[in-house]
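S.K.: The structure under discussion is supplied below as C-alpha cells; questions concerning it will follow.
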Amino acid sequence: PPKPSAKKTIETLKGLGIEFKVLTGDNELVTKKICSEVGLDVKGLVTGDQLEKISDSDLLQLVKTTSVFARLSPLQKERIIHALHENKHIVGYLGDGINDALALKASDVGISVDNAVDIAKESADIILLKKSLMVLKDGVIEGRRTFGNIVKYIKMGSSSNLGNMFSMTGASLFLPFLPMLPIQILLNNFLYDLSQVAIPSDDVDKEYLLKSRPWNLAYIKKFMIFIGPISSIFDFVTFGVLWFIFRAPQPLFHTGWFLESLCTQTLVIHVIRTGKVPFVESKPSLFLIFTSIYIVTIGLIIPFT
C-alpha cells in the first residue's frame, strides 16, 4: 500500500511545478490502481514491450505526453531518464530496489530510503530517514532558497566589480592621481565581502520558490552589463562633487570615494535581493540588516581613527 503521506506530497510538489512520472517493473493494472490511490492522473501508459519498439527520437516525444511506464527493465528506466534529460528536464528519481540502481545513478538527484537494498542506497544521492515523504518538499524549498541566495551574491558581485572598473578607468582619464589607493580598494572589498556573509540566511520571496529556476548565465551577463554602469553614475557624481565643488585634495578625495563606494556596494544588496519594494514588500533577514549596518558603520569610523 502507498505511504499515507504520498498523496499529500504529490499535491504539494505539483504546486511547486514538479511533474510526476511512474517508472515501474510492476504490471499496468497494479500501477493504475496505485496511481488512483495517491492522486496521480494516468496520462498515457506505455509498457516495456511497447517501449522496446520505439526509437530514441520518438521516445523524446513520448515522454512529454506519457506519465506511466509499466513492466520496465532497469535499462529501460535508465533510457527514459536520458530522454527526459534530452528534453532539458531536471530529474529526481525515487527508488529502493535492485532494479532502480541504474535509474538512480542516471538521474540528477537519486533518492532512496533507509530500508532500501544496499545497491540502491549506494547509487542514491539522498537517503530518506523518516517515513514521511513530505521531507522532499522541504528539500525542494531549501534548494531553491539556497540557489536564489547564490544568484543574489553573483549578481551583486559581478555588477559592482564591473561598475568599479568603469569608475576607476573613467576617473583615471581626468584625475592627476589614483581615485583610490590600492590598500583602500583591498579594504573596501574585504569589508564589502564581510557584509555578505549574511546572504545565506536571507529570506527569499515566496513567488521565487513556486517554480524551479535553471542556471541562466545570459541573464547574469545582462544584469551585470546593465547595473554595473548605473553604479558608476553614482561614482562619477561623487567625483564631480569632490573635485569641482570641494576642490578636494588627494587624501580627502580618496576618503570620499572610499566611503561612497563602500556604502553603495553594501546597501545595494537590499535592492538586488528582491523584485519587490525593498523593506516594504520584501524584508531581508535580521542578520543581513545587521551586517549591512555594522560594515557601513565601521567604514564611516575608520577615517577618524
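S.K.: For 88, 3, 77, write out the residues from largest to smallest accessible area, computed with a 1.4 angstrom probe and no ligands counted.
M.R.: 88, 3, 77
S.K.: With a 1.4 Å probe and every protein chain left in place, tell me how much accessible area residue 254 has, in Å² to the nearest 10.
M.R.: My reading of the accessible area for residue 254 is about 10 Å².
S.K.: State the answer as a single residue: which of 219, 232, 200 lies farthest towards the positive end of the charge dipole of segment 198-244, with beta carbon charges of +1 for Lys and Arg and -1 for Asp and Glu, about the Cα centre.
M.R.: Of the listed residues, the answer is 219.
S.K.: Hey, another quick one. Can you give the convex hull volume per residue for the Cα atoms of segment 236-305, as a whole number of Å³?
M.R.: So the per-residue hull volume is 94 Å³.
S.K.: If you put +1 on each Lys and Arg Cβ and -1 on each Asp and Glu Cβ, how big is the dipole of the chain around its Cα centre, in Debye rounded to 20?
M.R.: For the chain, the charge dipole is close to 580 debye.
S.K.: Shifting gears a bit: Contact order normalised by length for the chain, with contacts defined as Cα pairs under 8 Å and 6 or more residues apart; what percent is it?
M.R.: The normalised contact order for the chain reaches 15 percent.
S.K.: Let me ask something else about it. Within segment 119-160, report the trypsin sites (Lys or Arg not before Pro) that DSSP leaves as loop and that have at most 16 other Cβ atoms within 10 Å.
M.R.: Here the trypsin sites (Lys or Arg not before Pro) that fit, given the DSSP loop and packing criteria, are 130, 131.
S.K.: Cross-chain or 8 or more residues apart, Cα under 21 Å: how many lysine pairs in segment 97-209 fit that? Count them up, please. Could the numbers behind the result be given before it?
M.R.: Values: 105/121; 121/130; 121/131; 121/137; 137/206; 152/206; 155/206.
Here the count comes out as 7.
S.K.: Could you tell me the accessible area of residue 13 in Å² (1.4 Å probe, neighbours in place), rounded to the nearest ten?
M.R.: Surface open to solvent at residue 13 totals about 10 Å².
S.K.: Specify which labelled value, from [x] 5, 21, 30, 26, 15, 4, 0; [y] 5, 21, 23, 16, 14, 11, 7, 3, 0; [z] 6, 25, 27, 18, 12, 8, 3, 1, 0, agrees with P(r) over Cα pairs in 10 Å bins from 0, in percent derived from the coordinates of the model shown.
M.R.: [y]
S.K.: Place a point 7 Å from the Cα of residue 250 along the Cα-to-Cβ direction; which residues of segment 179-194 have their backbone N under 13 Å from it?
M.R.: In segment 179-194, the label zone of residue 250 (backbone N under 13 Å from the point 7 Å along Cα→Cβ) covers 179-182.
S.K.: Can you list which of the chymotrypsin sites (Phe, Trp or Tyr not before Pro) found in segment 134-208 are DSSP loop residues with at most 14 other C-beta atoms within 10 Å? Before the final figure, lay out the partial values.
M.R.: Values: sites: 147, 153, 166, 174, 177, 190, 192, 208; in loops: 177.
Hits after loop and neighbour filter: 177.
S.K.: Still on this structure: Could you work out how far the C-alpha centroid of segment 189-267 sits from that of segment 10-42, in angstrom?
M.R.: Between the Cα centres of segment 189-267 and segment 10-42 lies a distance of 47 Å.
S.K.: Relative to the Cα centre, what is the charge dipole magnitude of segment 30-122, using +1 at the beta carbon of each Lys and Arg, -1 at the beta carbon of each Asp and Glu, and rounding to the nearest 20 debye?
M.R.: Details: 11 positive and 14 negative charges, 64 e Å.
I would put it at about 300 debye.
S.K.: Still on this structure: Need one value: the accessible area of residue 138 in square angstrom, 1.4 angstrom probe, rounded to the nearest 10.
M.R.: 80
S.K.: For the chain, with a Gaussian network of springs between Cα atoms less than 10 Å apart, report the residue from 55, 132, 159 with the top mean-square fluctuation.
M.R.: Of 55, 132, 159, the Gaussian network model singles out 55 as fluctuating most.
S.K.: Helix 56-65 versus the longest principal axis of the chain: what angle, 0 to 90°, nearest 10, using Cα atoms?
M.R.: Once rounded, the angle reads 80 degrees.
S.K.: Normalised by the residues of segment 1-123, what does the relative contact order come to in percent, with Cα pairs under 8 Å and at least six apart?
M.R.: 20
S.K.: Here's another thing I want to ask about it. Once phi is turned into ³J(HN,Hα) by the Karplus curve 6.51 cos²θ - 1.76 cosθ + 1.60 with θ = phi - 60°, what whole-Hz value does each residue of segment 131-138 show in order, with x for glycine and proline?
M.R.: Using θ = phi - 60°, the values come out as 6, 6, 8, 5, 5, 4, 4, 4 Hz.
S.K.: Using the heavy atoms of the protein chains and a 1.4 angstrom probe, tell me the accessible area per residue for the chain in square angstrom.
M.R.: Working: 17330 Å² over 305 residues.
Ligands and nucleic acids excluded, the figure is 57 Å² per residue.
S.K.: Angle between the Cα long axis of helix 286-301 and the longest principal axis of the chain, 0 to 90 degrees, nearest 10?
M.R.: On a 0 to 90 degree scale, this one is about 20.
The values are calculated or read from the model by the stated rules, or taken from the named source; none is laboratory data. None of the values given here were measured: they were computed from a predicted structure. When we count neighbours, we look across all protein chains shown, and the Cβ atoms used for this are built from the backbone with ideal geometry, even at glycine. Just so you know, the surface numbers come from the protein's heavy atoms only, side chains and all, with ligands and any DNA or RNA stripped out. Shrake-Rupley method; radii C 1.70, N 1.55, O 1.52, S 1.80 Å.
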